[in-house]
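Structure record follows, encoded as structure tokens.
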Protein chains: 2
Amino acid sequence: MRFAPTLLAAVLAATLAAQTAPSQAATPTATPTTLSPKSIDAATQLRERALADDTGWKVVESLTTEVGPRMAGSEGDARAVAWAEAKFKALGFDRVWTEPVTFPKWERNSESAAVVGAHSQRLAVTALGGSPAGTVEAEVVRFADLAALQAAPAGSLAGKIAFVDYTMARAKDGGGYGMGSRLRSAGPSAAIRAGAAAFLMRSAGTDSHRNPHTGITRFDDGLTPIPSAALATPDAAQLSRLVALGKPIKVRLALDCGWTGTATSANVIGEMRGRSKPDEVVVIGGHLDSWDLGTGAIDDGAGVAIAMGAGKLIGDMKVRPARTIRVVAFANEEQGLHGGRAYLAKHEADVGKHQIAAESDFGAGRIYAFSSGAPEYAQGAIRQIADVLAPLGIAHTPGEGGPGPDIGPFAGFGLSWAALRQDGTDYFDYHHTPDDTLDKIDPKALAQNVAAYAVFAYLAADAQGDFGSKPGKVTPPHE
Amino acid sequence: MRFAPTLLAAVLAATLAAQTAPSQAATPTATPTTLSPKSIDAATQLRERALADDTGWKVVESLTTEVGPRMAGSEGDARAVAWAEAKFKALGFDRVWTEPVTFPKWERNSESAAVVGAHSQRLAVTALGGSPAGTVEAEVVRFADLAALQAAPAGSLAGKIAFVDYTMARAKDGGGYGMGSRLRSAGPSAAIRAGAAAFLMRSAGTDSHRNPHTGITRFDDGLTPIPSAALATPDAAQLSRLVALGKPIKVRLALDCGWTGTATSANVIGEMRGRSKPDEVVVIGGHLDSWDLGTGAIDDGAGVAIAMGAGKLIGDMKVRPARTIRVVAFANEEQGLHGGRAYLAKHEADVGKHQIAAESDFGAGRIYAFSSGAPEYAQGAIRQIADVLAPLGIAHTPGEGGPGPDIGPFAGFGLSWAALRQDGTDYFDYHHTPDDTLDKIDPKALAQNVAAYAVFAYLAADAQGDFGSKPGKVTPPHE
């Protein structure tokens, strides 16, 4: 998960408004979308079967163990693509294929930081994705937040290391990541404008361990990139205490990393064919790539496993839903939604054949809220789905949420979406760190996720009527 | 903290028995030791003042921030000695000095481990203290515990890496560390006897983070040491899952570390002079050295800070206790109790001038139990001290506990001891890892520790009568 949920929510509030307002009356499909009692009954049984099933767990265990880290373009990424194809087939998907995704490749070779001088000691650090290589030994200037750094006059940090010690807040909906990820994105450029030789930030995270949080950054056009990295929480606190001693504190930051040409990976797709309208699809998915530090369990092995597990359970039903269930394991979400954008580019013309889409990319915590940006005429069916989800502890929250990151670009071009929002209270303890490993997933919570996705996908695929996907730019997703 | 509390308890049960049995009747000091109402009253006020005081916190903040890691013999260790001298003086100790401690020096330069082959991925690893350097790429053979490894026939692990995936239990008294540390000490030699080329173990810890736990190991005489290291908890679980796939799993372990001659550090000692019997001393302390991975906050900056803080508060009293308070910051506990043994060697002849001793080396959790190995004639005074400690949530637990590790050697030669046992439920989440940092200490819990040590030290120093320290070998501390 790269983007902040709150930003996505903002994007989608706009999408929702655009979809529900004038177009609604004009569309010929304005007949209310509904679900039959038979569909509801089948979905209820599916839900209970999913809760007792461990397919999701086995999938994420297999991915994180046998493949492990799989940063976009790496050898592990290539193994992950092969793994996903094989896993779809082993799970009995009717049709399995890949769609190539090409992107710039970034590599991390080594990274270190240390206080030098009278208080000499190592600091736990990781390069931000997109950072150039470089070794800088310079005095640290501390800022409390991004705004303070942005207010630094041009040239005022010449030859210095800008250090922003902003602490993001813990929140169930991950709201604190809004500012955390904004600092990671915009901080380096602000540091360059003030003349800094390097950029350091407290990790965008909520933990207290010496495992720094990586994540993509970018540099504004016309600026010369500088080495940019995140300190682990205890190390950021340590550096602030050292600076507070009142004497100049020098840090040596050494990063060997950078962009090294292009790489091609793939969106890996598996379908469980619908019984009567097989050309129409409900898309569920997660992203297959991970950062390199951990094994990508919560980000986003869980999402891939939830979608694969739900698809498998639907495929096993005696009577399949009317439409096809399409599970997408997206390529390279982390470094710029490359898989989602490639999917949009390839399938934009077929938006009308997309019933609706939902992506899981916020860990493996229990889903607590369900909503959809579908037009008003489909909200009755959304309510019916919500009723089947309710026993899972999931509330219907109309007007909230947004699509997952890889659905986002397509949602801006007419794809209808649903949101199954997860409890992310602990998500940013592990997100983008070495600690993103299998043991951080609760198998029962994962099964609840699989059950919810299975119910949603089955009912959306079996609905009488559509959820409003149609050609036309809605509102451009922004970051 | 190097040794297992349970082992120390066993040592001390023997010590207690030896001190309380026949010698009791024979000693001329068998008059019951007591505390005057005036002493009790002064200690009660001292306790309340200590609870509201932040000296302990400031001391551990200063040590962990300004010095940071301080592995025995390192540059950081030398800075720590200078820091301790300066801090004692700044806190107003009457007399401050150092006593040299010489020991073999072990250095860690780099360490890495990775699964190679079809499931290629890095593993979070740290060399055990005392491990030789070496690079081994070999198949892993997994054992569930030390006994299983010890049962492996000679030669059966030729050219293999022995991997013991034993999980130590969480316990308030740290009891699980008994087997955890035994595996770390005895595992490498057992692996060598079975022919192994390297030794890997699940860290002796209770956390779920990718911060492996180091700690000293040793090799039995006559064996050729092999590279020996600990995996972080998630990495040990990962390696076990990979082995369970049923195909040979190869790991490449590369350690650059080893013994590099001798080094000299120092026990740093500060005294607050007693008002009427200044030549008699109550010793309290902790150890100044730490492992190199963290900043040694809970192990054992806290212990140093608790003892310094208690000494400072007693020194500030309008009426000092009768005897002198001696605070000792011991050198190199981690690699073999070198500071404690040096203190014994230098002061053995003066055992009779030692009233009693207590060491804090189990983190910064609240003290919940108090006891002493003093002879029966002094147990009345121990009960009186316990009564003043009771409002701090501390129970009197006669017959339990033991001296801290650095007191241990001297306790075997007649030094009387008291135990102020801390809640170590979380201790092994951080112990010997990069995560042993200041933020893991609760300032209020630390103040409770300072208050308890202040009360104990003051009352022991002001007692009418002694606590049984006297020349004579009691029982040799074992490991």
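Of all residues in segment A:79-108, count the ones that are within 14 Å of chain B (Cβ to nearest Cβ) and either touching a strand residue (DSSP E or B) at 6+ places or on another chain (Cβ under 7 Å) or open to solvent by less than 20 Å² (accessible area, probe 1.4 Å) (or both).
Qualifying residue count, segment A:79-108: 2.
For segment A:188-240, how many residues are small (Gly, Ala, Ser) and within 16 Å of residue A:257 (Cβ to Cβ)?
5
Can you give me the number of residues within segment A:215-239 that are away from every other protein chain (no Cβ under 14 Å), under 16 Å from residue A:161 (Cα atoms) and out of contact with any Asp or Glu (no Cβ under 8 Å at 6 or more places or on another chain)?
6
Out of (1) under 30 Å from residue A:117 (Cβ atoms); (2) acidic (Asp, Glu); (3) more than 14 Å from chain B (Cβ to nearest Cβ), the odd one out for residue A:316 is which?
The failed condition is (1).
Taking only segment B:350-365 into account, find how many residues are of a type in the set (D, E, K, R), open to solvent by 20 Å² or more (accessible area, probe 1.4 Å) and in contact with a strand residue (DSSP E or B) (Cβ under 7 Å, 6 or more places away or on another chain).
The number of residues fulfilling the criteria is 1.
Cβ-Cβ below 6 Å, separation at least six or inter-chain, first residue in segment B:203-214 and more than 7 Å from chain A (Cβ to nearest Cβ), second among the basic types (Lys, Arg): which pairs?
B:204/B:184; B:206/B:170
Going through segment B:423-470 one residue at a time, which ones are in a loop (DSSP other than H, G, I, E, B), away from chain A (no Cβ under 14 Å), buried (at least 24 other Cβ atoms within 10 Å of the Cβ) and of a type in the set (Ser, Thr, Tyr)?
B:469
Looking only at segment A:372-381, decide whether some residue is over 18 Å from residue A:174 (Cα atoms), of a type outside the set (Asp, Glu) and without any contact (Cβ under 8 Å) to a residue 40 or more places away in the chain.
Checking segment A:372-381: at least one residue is over 18 Å from residue A:174 (Cα atoms), of a type outside the set (Asp, Glu) and without any contact (Cβ under 8 Å) to a residue 40 or more places away in the chain.
Could you list all residues from segment A:258-298 that are open to solvent by less than 40 Å² (accessible area, probe 1.4 Å), without any contact (Cβ under 8 Å) to a residue 60 or more places away in the chain and polar (S, T, N, Q)?
none
Looking at A:242, A:255 in this structure, which one is within 11 Å of chain B (Cβ to nearest Cβ), open to solvent by less than 20 Å² (accessible area, probe 1.4 Å) and either in contact (Cβ under 8 Å) with a residue 40 or more places away in the chain or small (Gly, Ala, Ser) (or both)?
Result of the check over A:242, A:255: A:242.
Which residues, taken from segment B:142-193, are at positive phi and open to solvent by 30 Å² or more (accessible area, probe 1.4 Å)?
B:155, B:159 - these are the residues of segment B:142-193 that are at positive phi and open to solvent by 30 Å² or more (accessible area, probe 1.4 Å).
Hey, among the residues in segment B:109-129 that are closer than 24 Å to residue B:302 by Cβ and in a strand (DSSP E or B), which one's farthest from the other protein chains (Cβ to nearest Cβ)?
Result: B:129.
If residue A:175 satisfies all but one of (1) more than 14 Å from chain B (Cβ to nearest Cβ); (2) touching a Gly at 6+ places or on another chain (Cβ under 8 Å); (3) not aliphatic (A, V, I, L, M), what's the number of the condition it fails?
Evaluating residue A:175 over (1) more than 14 Å from chain B (Cβ to nearest Cβ); (2) touching a Gly at 6+ places or on another chain (Cβ under 8 Å); (3) not aliphatic (A, V, I, L, M) leaves (2) as the failure.
Regarding segment A:14-30, can at least one residue be identified that is modelled with pLDDT of 95 or more and of a type outside the set (Val, Ile, Thr)?
Checked against the condition, which is being modelled with pLDDT of 95 or more and of a type outside the set (Val, Ile, Thr), segment A:14-30 yields no hits at all.
Condition first: assigned to a strand (DSSP E or B) and under 16 Å from residue A:394 (Cα atoms). Now tell me which residues in segment A:327-371 satisfy that.
A:358, A:367, A:368, A:369, A:370, A:371
Can you pull out the residues in segment B:317-345 that are farther than 26 Å from residue B:260 by Cα and of a type outside the set (A, V, I, L, M, F, W, C)?
B:318, B:320, B:321, B:323, B:324, B:326
For segment B:251-297, enumerate the residues that are of a type in the set (Gly, Ala, Ser) and closer than 30 Å to residue B:160 by Cβ.
B:254, B:258 - these are the residues of segment B:251-297 that are of a type in the set (Gly, Ala, Ser) and closer than 30 Å to residue B:160 by Cβ.
Go through segment B:123-140 residue by residue and tally those that are in contact with a Cys (Cβ under 8 Å, 6 or more places away or on another chain) and open to solvent by less than 10 Å² (accessible area, probe 1.4 Å).
Total satisfying the criteria: 2.
Counting only residues that are charged (D, E, K, R), open to solvent by 30 Å² or more (accessible area, probe 1.4 Å) and outside any loop (DSSP other than H, G, I, E, B), which one in segment B:29-70 is nearest to the other protein chains (Cβ to nearest Cβ)?
This residue is B:66.
So that you can scan it fast, the table gives a plain yes or no per residue for (1) in contact with a Phe, Trp or Tyr (Cβ under 9 Å, 6 or more places away or on another chain); (2) closer than 30 Å to residue A:241 by Cα:
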| position | (1), (2) |
| --- | --- |
| A:93 | no, no |
| A:98 | no, no |
| A:105 | yes, no |
| A:109 | no, yes |
| A:116 | no, yes |
| A:121 | no, yes |
| A:128 | yes, yes |
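The values are calculated or read from the model by the stated rules, or taken from the named source; none is laboratory data. Nothing here was measured: the structure is a model prediction, and the numbers come from that model. We place every Cβ from the backbone using ideal geometry, glycine too, and count neighbours over all the protein chains shown. With ligands, DNA and RNA removed, areas are computed over all heavy atoms of the protein, side chains included. Shrake-Rupley method; radii C 1.70, N 1.55, O 1.52, S 1.80 Å.
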